[in-house]
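What follows is one structure encoded as structure tokens, with my remarks underneath.
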Amino acid sequence: MKIICGPASQLLAGRVSELTGYDLLLSEYKRFPDGEQYIRILDSFEGETVTIIQSTVNDSDLVSLLQLIDACCDAFKINVVIPYMGYARQDKQFRKGESISARALARTIKADNVLTINIHDTSILDYFDANAVNLDATPVIGKYIKNLRLKDPLIIAPDDGAIGLAKNASKDLGLDYDFLEKTRLSGDTVSIKPKHLEVKGRDVIIIDDIISTGGTIAETILLLRSHGAHEVFTACVHPVLSSNAVMKLFRAGVKSIIATDTIDKGVSVVSVAPVIGEAMKNI
Ligand code: R5P
């Protein structure tokens, strides 16, 4: 098995190689004067199984991934790991005439196996022309949280869509979890509060799959602080953190942002390399 990394996932691919002992092949990337991208894999891999690791955070990352898959046409088998898949939130047709962008992209990726990590909706897996499996990074996030030795920690999902993340992050670690429930009190008033548990005096960690604009989490931080939470942390798998998201979170009073290295950012303190390394044993 050889590991080939795309430009968006160099650190993560390096960590996977270091952990698994599989060789990390060297590639070069450049752009032509007209802006077109160029990729060449410098080490040989003919007849071998290759695992390409590349998040598709922006459009040029997707082009790089397609180029790498094409460059690997002489490999014995091609595995593709997409730690963060952009466009995954466009997973259905919300209005007539719209493209299901996640499907459009997934259909371009042809490989023997595709691994994703906490993809926004697992229905997207069916669109790949490959055996596609989604991995869960929340147990490694949970372990990180446990080691912070917080005050009576409670993991909170900002909505019922993220309950699975909170549950899996706390599993086997003896941590409590809950989710925020919205109750309509009248035509124009709603109350949002943790469904089962009190946050007063506790350290709370809000968990979500993606933090993009930071809007969802900033509101949740304010709400939990108004309910008397001690310190409020936030954790996510994919730190997209577009525009002024980081500022919004700190202005809302976050103590710290915890994220994985599916996207390589300053807050990516938890590595998903062990999750990928373990899954590579089965492909
Ligand atoms: C939504 O379905 C996702 O799970 C996240 O809650 C959402 O993408 C976060 O977006 P933002 O940071 O822009 O509020």
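Considering L150, L65, the condition of being in contact (Cβ under 8 Å) with a residue 60 or more places away in the chain and of a type in the set (A, V, I, L, M, F, W, C) is satisfied by L150 alone. Selection of the stretch 165-191 for residues being farther than 19 Å from F233 by Cβ and either touching a Leu at 6+ places or on another chain (Cβ under 6 Å) or at pLDDT 95 or above (or both) yields only S191. In the stretch 201-251, which residue that is near the ligand (Cβ under 10 Å from one of its atoms) and part of a loop (DSSP other than H, G, I, E, B) is farthest from P153 (Cα to Cα)? So, considering only residues that are near the ligand (Cβ under 10 Å from one of its atoms) and part of a loop (DSSP other than H, G, I, E, B), the one farthest from P153 (Cα to Cα) is S243. Scan the stretch 153-161 and tell me whether some residue there is at pLDDT 90 or above and more than 16 Å from the ligand (Cβ to nearest atom). Yes, because at least one residue in the stretch 153-161 is at pLDDT 90 or above and more than 16 Å from the ligand (Cβ to nearest atom). Checked against the criterion of being at positive phi and surrounded by 19 or more Cβ atoms within 10 Å (Cβ to Cβ), the candidates L241, L249 yield just one match: L241.
Determine whether A132 is assigned to a strand (DSSP E or B) and either at pLDDT 95 or above or among the hydrophobic types (A, V, I, L, M, F, W, C) (or both). The answer is yes for A132. Residue pairs whose Cβ atoms lie under 6 Å apart, separated by 6 or more positions or on different chains, with the first residue in the stretch 220-239 and under 18 Å from K167 (Cβ atoms) and touching a residue at least 40 places away in the same chain (Cβ under 8 Å) and the second of a type in the set (A, V, I, L, M) and part of a strand (DSSP E or B), are T220/I206; F233/I205; A235/I205; A235/I207; A235/I258.
For first residues located in the stretch 22-48 and modelled with pLDDT of 95 or more, partners that are part of a loop (DSSP other than H, G, I, E, B) and surrounded by fewer than 11 Cβ atoms within 10 Å (Cβ to Cβ) and lie 6+ apart or on another chain with Cβ distances below 7 Å form the pairs L26/L42; S27/L42; E28/L42; Y38/F32.
Restricting the stretch 141-152 to residues that are in a helix (DSSP H, G or I) and more than 16 Å from the ligand (Cβ to nearest atom), the residue that is surrounded by the fewest Cβ atoms within 10 Å (Cβ to Cβ) is N147.
The values are calculated or read from the model by the stated rules, or taken from the named source; none is laboratory data. All figures in this text were calculated on a predicted structure; none of them were measured in a lab. Positions of Cβ are backbone-derived with ideal geometry, glycine not excepted, and every protein chain shown enters the neighbour counts.
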